[in-house]
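Asks: Structure incoming, see below.
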Amino acid sequence: MRTVGLQIQTTSTDDLSERIKIVYRETTRNERGDLVDGDEKIRAECWAKVLPLTGKIDDVTPERLNTVTYRITIRHRADIKPDDEMIWRARRFRLTTPPIDVESRRQWSMFDVTEAISDGKKQATV
């Protein structure tokens, strides 16, 4: 936890140089009353700091799957849900951890997100 705190202390508003969208799927009921995924809506569009963290090659599946993990830092927001997705430069990311609010200062929110790349095409992980 200490190293995360040091990263947050070195973040300033000048570091937020990338534009991201935070999107979610609205669930609705169909004519039979079942829950279905509705349209995708934008929860927020904000400035962020995007850093690549790790990469992993998974040979378990029949096709080769590369997973890339990023850390995204934005100004603190309390309305982001665990099933929200982030879009940055036409890449779609899923949250892998809850938002990190280091030392409960409510200044920055950090997210670890993943993007899966399969056969040279970008796909969101499931």
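Just so you know, all these numbers are worked out from the coordinates, no wet-lab data involved. The structure presented is a predicted model; accordingly, all values stated were derived computationally and were not measured. Using ideal geometry, Cβ is built from the backbone for each residue, glycine included, and neighbour counts are taken over all protein chains shown.
Asks: If you take the beta carbon distance between ASP14 and ASP101 as r and set R0 to 25 Å, what does 1/(1 + (r/R0)^6) give as a FRET efficiency, to the nearest 0.05?
Replies: So the FRET efficiency works out to roughly 0.75.
Asks: Which order, highest average first, do 76-84, 20-28 follow once you tally other Cβ atoms within 10 Å for each residue and take the mean per peptide?
Replies: 20-28, 76-84
Asks: So, R0 is 22 Å and r is the distance between the beta-carbons of THR67 and ARG89; what FRET efficiency does that work out to, to 0.05?
Replies: It comes out at approximately 0.80.
Asks: Then there's this: In the neighborhood of ASP39, defined by Cβ-to-Cβ distances under 11 Å, what is the net charge if each Lys or Arg adds +1 and each Asp or Glu adds -1?
Replies: Net of charged neighbours comes to -1.
Asks: Now for a separate question. Which net charge results when you count Lys and Arg as +1 and Asp and Glu as -1 among the other residues whose beta-carbon is under 13 Å from that of THR28?
Replies: In short, -2.
Asks: Taking amide H atoms as placed 1.01 Å from N in the peptide plane, list the residues 5 or more away in sequence, or in a different chain, whose amide H sits under 5 Å from that of HIS76.
Replies: Close amide H contacts, sequence-distant or interchain: TRP108, SER109.
Asks: Based on the Cβ-Cβ distance from ASP34 to THR54, what FRET efficiency comes out when R0 is 22 Å, to the nearest 0.05?
Replies: Computed FRET efficiency for ASP34 and THR54: 0.05.
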